[in-house]
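Here is the structure we will look at, set down as structure tokens.
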Amino acid sequence: MPLSSIAAGAACVNGVESLAGTARVRRACRVVQTGLAIAAVAQYTGLLLADDDATTQNSFGPVACAALFAASSWVWVVELPRVDVVPYALLASTLAALSCAGGRAFLRDAWALSDSTMAPPSLQALVAGVLAVPTAGALVAWSRLVVREDHGVLQDWLGPALGLRTLPLFALLNALVEELEFRGIILQALRRGSRPLVSPTPPPSGRSATGAALIDFVVGGSHATLAAVALQAVLFGAQHAVGGFPNGAVGCVLVTLWGFVLGALRVAFGGLLAGYAVHVVADATIGLLIWRTERKRRRLRAPRVRGRRRRGEDDDNGAADEFSPETTPETTTEAAGSGAVRRPRRRRVS
């Protein structure tokens, strides 16, 4: 099996695992991804033994991609510390790439910031600024109109931790990790396989020329880049469908379309910088929406808690006054809150 096909298969299985509703399906996907990663490493080792430098440098991308998917599938099972914060899968794939010359060459290409020969920096900044506006607007519209500020599990996990100091850090780091993974390693691995996903050879006699042209347009020949961009976008949307922002069916469609745009920026500008800038704006908008919703929830909870405490304290004081054996014929003045309350005492019956 070609290395590029291994990478594409691992991406598809990872998407199925992200949407799986049962533990049995997730376990099966985990086993398949592990097997694909082992097969990719074995094939790449064979290329190294053949001592073909050009082939090995062009073929390490699918190995890094398969390793990334396998690691991301296992980190939640192993229960590593702070797995919700530390990008263990990205670190594992990076360390594997740094271990050989072909991997280092792949990372230099996958994580390039921009290519000024493909588009001037001023144009890249203009496009990023234009795309940032509808991106933020779509997130606000989804939050207000679709889910009515009920953001799901991400709100419960991220809401208490976000503040005005931590929000910029969240936007910068989360965007960086996702861009390095999806528009960096995954997209470039699918583009730079040792062979195209479908060989651009003429179809045999009897096959529809229209069907062959359609297959070639989607995944073959010169259009393999389009297939890579689309596949990473679908995977990006699938991983946000359950616990992401936005989530659900509508959120999955929105994130998939947005991931396709970010992938197109990566290909058009030859680097991650423009897409990363748009992604930072998106994550900053997400952080602000989650922080605002969390503040609303705290305001709604706080008055009820204080009211219950006051009523409980008054009831306790009243019960003590009524049944205390130390009563006297006079009335006493007791401090309650910020003022004073005068309570008539019962006369003791002798």
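Using a 1.4 angstrom probe on the protein heavy atoms only, line up Asp150, Asp283 by accessible area, largest first.
Final ranking, largest accessible area leading: Asp150, Asp283.
Please report the accessible area of Tyr44 (heavy atoms, 1.4 Å probe, ligands and nucleic acids excluded) in Å², nearest 10.
Estimated to the nearest 10 Å², Tyr44 gives 10 Å².
Taking square-rooted eigenvalues a ≥ b ≥ c of the alpha carbon gyration tensor, is segment 1-145 rounded, prolate or oblate, where a/c under 1.5 means rounded and, failing that, a/b exceeding b/c means prolate?
oblate
Enter the accessible area per residue of segment 1-98 (Å², integer; probe 1.4 Å; all protein chains in place).
49 Å²
What ³J(HN,Hα) values, in whole Hz, does the Karplus curve 6.51 cos²θ - 1.76 cosθ + 1.60 give for segment 285-293 when θ = phi - 60°, with x put for Gly and Pro?
Once θ is set to phi - 60°, the couplings for segment 285-293 become 5, 4, x, 5, 5, 5, 5, 5, 5 Hz.
What is the local net charge at Ile286, summed over the other residues whose Cβ is closer than 13 Å to its Cβ (Lys, Arg +1; Asp, Glu -1)?
Every neighbour counted, the sum reads -3.
Among residues other than Ala238 whose Cβ falls under 14 Å from its Cβ, what is the net charge (Lys/Arg +1, Asp/Glu -1)?
-2
Enter the Cα centre distance for the pair segment 62-138 and segment 154-183, rounded to the nearest angstrom.
Here the answer is 15 Å between Cα centres.
Ile38 to Lys296: FRET efficiency via 1/(1 + (r/R0)^6), r the Cβ-Cβ distance, R0 56 Å, to the nearest 0.05?
0.70
In the full protein assembly as shown, how much of Trp157 is accessible to a 1.4 Å probe, in Å² to the nearest 10?
Surface open to solvent at Trp157 totals about 120 Å².
Please list, in order along segment 169-177, the HN-Hα scalar couplings obtained from phi with the Karplus expression 6.51 cos²θ - 1.76 cosθ + 1.60 (θ = phi - 60°), rounded to whole Hz, x for Gly and Pro.
Values per residue, Gly and Pro as x: 5, 4, 5, 5, 6, 5, 5, 5, 5 Hz.
Counting only protein heavy atoms and a 1.4 Å probe, tell me what percentage of segment 84-125's accessible area is made up of carbon and sulfur.
67 percent
Given axes a ≥ b ≥ c from the Cα gyration tensor, I'd like to know whether segment 82-171 is rounded (a/c under 1.5), prolate (a/b larger than b/c) or oblate.
oblate
Tell me, what is the 1.4 Å probe accessible area of Thr135, in Å² to the nearest 10?
Approximately 20 Å² for this residue.
The values are calculated or read from the model by the stated rules, or taken from the named source; none is laboratory data. This is a predicted model, so every value here is computed, not measured. Here the Cβ is made from the backbone with ideal geometry for all residues, glycine too, and neighbour counts use every protein chain on show. Accessible surface areas use protein heavy atoms only, side chains included; no ligands, DNA or RNA. Shrake-Rupley method; radii C 1.70, N 1.55, O 1.52, S 1.80 Å.
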